[in-house]
Structures are given as C-alpha cells and as structure tokens.
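The values are calculated or read from the model by the stated rules, or taken from the named source; none is laboratory data. All of these numbers come straight from a predicted model, not from anything done at the bench. Counting neighbours? That spans all protein chains shown, and the Cβs are built from the backbone with ideal geometry, glycine included. These area figures cover heavy atoms from the full protein model, side chains too; ligands, DNA and RNA do not enter into them. Shrake-Rupley method; radii C 1.70, N 1.55, O 1.52, S 1.80 Å.
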Amino acid sequence: MTDGIVAPMFTTDAPVTLIGAGAAADADLAEARAHAPRVVAADGGAGRALAAGLMPEAVFGDFDSLDTATRRAIPEARLHHVAEQETTDFDKALRHIAAPLVLGVGFLGERLDHLLAAQTVLARRAERRCLLIGGADLVFLCPPELSLDLPEGSRVSLYPLAEVRGRSAGLFWPIDGLTFAPGGVIGTSNRVTGGAVRLSMEAPAMLVILPREHLGAAVRALAAPGPAWPAP
C-alpha cells in the first residue's frame, strides 16, 4: 500500500468505471460497465463494488470510509492510500486514473455538498474526461470541442463554474456572444433543434447536463478524438 500523496497511476486504454461511496443502484453500475468495463473505486466505493459482486482493480483514497472487512477482501497491492486531507476521495481517485474516459457512479447522491464538490473536481481535473451518472441526469465538463448526436427536443443544460464563453450549433438558444458566469448568465434548459449539437468552449469551466437516457450519446461524444484541456 502506498502512503502519502504519491500513488501509482492506474493506466488503461479502455474506459473505466469509477465507483464512489454514494447511492448507486446495481442497474447504474451495470450500465456504466457496459461502456466502461474496468472497475476502480474511490475509498468507501470499494464496499459498494464488492456488494455488487465486483472486485475493483484499484482503490484510491484516505481510507477513512473503508471498513475492515472490505479492506481484507481486496488484495493489498490494489489498495493505494493517499493520506492528504485537502481533496475529496473522488479527486484522489480521478487524478490517479489514466484512461480515455471515466464513468463515475456513486458521486451524485442526496447530499448537496457532495454533489457540488464533485462538480469542482470535474473542473480541477479538466484534463481527465469524466462523466458522472446520477439518478435522472448525467454531468460532465465540456471539452474544448464537443459534438453530440441527440434527438430533437432533448434537454441540454449548460452551467458555468467560472466566467466562460463559447459557441454552439444545434441549440434553440445559441450561446455565441454570451459570457457565462455562476452569478450571471447560465444556460439551463436549452434544447436540441435537430441534427448534431456542437459546442466549443474557451476555458474548462462549463458543465454539460443531459438526461440519463442519453448516456450512450454522451459516451460516444466524449470518447471521440479531439482536443483536450491541458493538465494543470
């Protein structure tokens, strides 16, 4: 087990399902794994994985929510202790995963503070393409360029985490020329006019929120080749 801030990277060419300790139905895990077969857990998410019959290939966290039985059930070499207390377990795990896409399950639960913290991590780790699956919605940070194939009338919500500008095609209310900010203009409840939705952003600060039924389209869009935000 690795103590301290430095832990080995979990590196793979396949998408990864990252399991958190929050509420997640078995159907959520099954749907995520259909797109992302490799399984990694964030701290107490390891217990959630074992309960669903899944053995995580790696567990990252400070282990404050990893119970003794779960810890004993997972091979020691897969447990990677990140001792610092300045970041969440989601952050600790995400920054140690090198994969084309991460699907997070168990991070959009009932607690609002946990949900907000997760959104902050998406922006802080903008170089990682990560999509979080909730009960009704999906959320991810918009990459520099994004093309989504969605049915006409679908809801597309955009929410800024900082001041940001962008361009769009295929939305009923175009975003060109607007400056978005958390305390100013936001872009919730836009909708698709037909054809591909194309978004481009000038900075890694815009969340894209879609209905849960568009998981496949979101995965295809995020997995497509394209520019990425630089690592901090």
Tell me, yes or no, whether region 161-184 has at least one residue that is within 29 Å of D89 (Cβ to Cβ) and of a type in the set (S, T, N, Q).
no
So which of A162, A169, A221 ends up being at pLDDT 95 or above and either open to solvent by less than 40 Å² (accessible area, probe 1.4 Å) or under 17 Å from the mean Cα position of the chain (by Cα) (or both)?
A221
Please state which one of A196, A136, A203 is modelled with pLDDT under 95 and within 21 Å of A118 (Cβ to Cβ).
A136
Please indicate, with yes or no, whether at least one residue in region 193-201 is under 14 Å from the mean Cα position of the chain (by Cα) and over 21 Å from R124 (Cβ atoms).
no
Can you tell me which condition V192 does not meet? The list is (1) open to solvent by 20 Å² or more (accessible area, probe 1.4 Å); (2) among the β-branched types (V, I, T); (3) touching an Asp or Glu at 6+ places or on another chain (Cβ under 9 Å), and all the others hold.
(1)
Given (1) within 16 Å of the chain's Cα centre (by Cα); (2) of a type in the set (K, R); (3) over 23 Å from S168 (Cβ atoms), where does R72 come up short, assuming only one miss?
(1)
Picked from region 90-123 (must be more than 22 Å from W229 (Cα to Cα) and not in a loop (DSSP other than H, G, I, E, B)), the residue least open to solvent (accessible area, probe 1.4 Å) is V105
Looking for something open to solvent by 60 Å² or more (accessible area, probe 1.4 Å) and more than 16 Å from the chain's Cα centre (by Cα) - is there at least one such residue anywhere in region 124-140?
no
I need the full set of residues from region 184-212 which are in contact (Cβ under 8 Å) with a residue 60 or more places away in the chain and either of a type in the set (F, W, Y) or assigned to a strand (DSSP E or B) (or both), in order please.
M206, L207, V208, I209, L210, P211
Would you mind stating whether R212 is under 19 Å from I133 (Cβ atoms), basic (K, R) and open to solvent by less than 70 Å² (accessible area, probe 1.4 Å)?
yes
Here the residues within region 174-189 that are open to solvent by 20 Å² or more (accessible area, probe 1.4 Å) and either out of contact with any Ser or Thr (no Cβ under 7 Å at 6 or more places or on another chain) or closer than 22 Å to A117 by Cα (or both) are G177, L178, T179, A181, P182, G183, G184, V185, I186, T188
Being within 25 Å of A27 (Cβ to Cβ) and in contact with a His (Cβ under 8 Å, 6 or more places away or on another chain) is true for just one of L138, L112, L132. Which residue is that?
L138
